[in-house]
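Let me begin by presenting the structure, written as structure tokens, before commenting on it.
Every number here is computed from the coordinates shown, using simple stated rules; none is lab data. None of these values were measured; they are calculated from a predicted model. With ideal geometry, Cβ positions are generated from the backbone for all residues, glycine too; neighbour counts draw on all protein chains shown.
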């Protein structure tokens with residue numbers, strides 16, 4: 001007897017025809033990844049878990065509209081990000097206009113002593129960041145950037161989505177992915193260097 | 001390669017492994033020549049590692065038990081009315097169909113009423129008579145407030161009404177109109 005295929009597409013096909021077990025496998029396969037993005041976006045455990053549930057319910061209700069040439073996880077992430085944005089909007093915490101990127105950030109990044117951020121994180125940032133204070137500062141920096149920047153940064157760093165996938169998930173051109181990701185990183189690094197109290201280098205010509 | 005936003009944007013894409021071979025070579029050359037750029041590259045990579053570490057720590061604390069059951073419990077139930085309306089409204093043809101229906105309804109409700117030639121704005125206000133009376137009064141009121149009172153005989157054997165106009169006895173009541181302008185029985 002041939003083994004039942006368990007790749008995403010096969011599971012989606014089976015779930016479409018009413019196979020609950022197939023859909024359960026999809027939920028269990030992606031729940032952690034979806035939660036990671038949701039928590040990074042909404043910064044609240046309970047709400048993040050609600051987002052995960054809501055995202056999967058929406059996925060199930062739209063199974064018929066899922067296109068065979070699409071990738072399941074890009075579709076799932078797209079729904080997840082939209083649910084997160086709905087939650088944040090309902091909460092009245094949209095700050096996109098107050099922290100929009102401006103062109104100076106690129107220059108600020110070049111001017112600021114951003115190398116010091118990496119020295120603060122040390123050679124083992126995975127370990128260092130778990131020190132409470134540093135972790136909180138990174139979380140705070142992530143919270144201060146616009147949702148669209150936070151979403152792209154999380155999808156890239158947590159799930160390693162390619163620029164092509166990010167363009168699909170966020171429904172933006174690939175060129176925008178590149179600049180948006182850079183802006184997101186620049187913004188977080190600048191906020192982080194400020195909160196870590198890393199001094200800016202002296203103006204040129206001074207000692 | 002100077003440290004301007006365009007260069008830093010390329011550096012960010014370099015960290016992500018998303019550059020073409022030519023762009024990669026150009027960035028690597030710049031990295032070799034500029035220690036500040038090396039620091040920024042390290043910083044970008046460190047930030048990525050830090051975000052991943054924080055997320056993994058958070059996921060380790062989260063409780064996923066029963067999540068799939070809760071999801072399946074919700075999808076096996078019939079969605080609420082609001083959810084169904086929301087889903088239905090997402091169908092692309094519905095907003096268009098809805099707008100057409102609303103426009104058509106609005107047209108019929110608010111369209112200007114064209115008056116009947118010869119009897120502009122005349123409405124029957126009342127029509128009543130005492131049982132034994134031979135004549136029935138019919139009051140026609142115009143939109144301008146004027147009134148015309150007609151006495152209509154009971155139908156005779158042929159079933160035809162013969163309207164008899166009354167002379168007005170008070171202001172605002174119009175004089176009898178010539179026979180050719182009188183309403184026919186069928187119009188009443």
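For a modelled paramagnetic label at residue A:133, 7 Å from Cα along Cα-to-Cβ, the residues of the stretch B:42-58 in reach, with backbone nitrogen under 20 Å, are B:47, B:50-51, B:54. Inter-chain Cβ neighbour count for A:21-32, averaged per residue, equals 3 (cutoff 10 Å, partner chain atoms only).
Please find the FRET efficiency linking residue B:111 to residue A:71, where r is the Cβ-Cβ separation and R0 is fixed at 45 Å, and quote it to the nearest 0.05.
Details: r = 52 Å, r/R0 = 1.16.
Efficiency, rounded to the nearest 0.05: 0.30.
Within 10 Å of the Cβ of each residue in B:56-65, the mean number of Cβ atoms contributed by other protein chains is 5. Residue by residue along B:10-21, Cβ atoms of other protein chains within 10 Å of the local Cβ number 4 on average. Using a cutoff of 8 angstrom between alpha carbon atoms and counting only pairs six or more residues apart, the relative contact order for the stretch A:8-90 works out to 32 percent.
Between rounded, prolate and oblate, where does the stretch A:1-86 land on the alpha carbon gyration tensor, with a ≥ b ≥ c its root eigenvalues, rounded for a/c under 1.5, else prolate if a/b exceeds b/c? Please list the in-between numbers first.
On the way: a/c = 2.31, a/b = 1.87, b/c = 1.23.
It is prolate, given that a/c is not under 1.5 and a/b is the larger ratio.
Put the Cα centre of the stretch B:48-75 next to the Cα centre of the stretch A:63-82 and the gap is 19 Å.
Modelled spin-label separation between residue B:61 and residue A:28, with each label point placed 7 Å from Cα along the Cα-to-Cβ direction: 2.7 nm.
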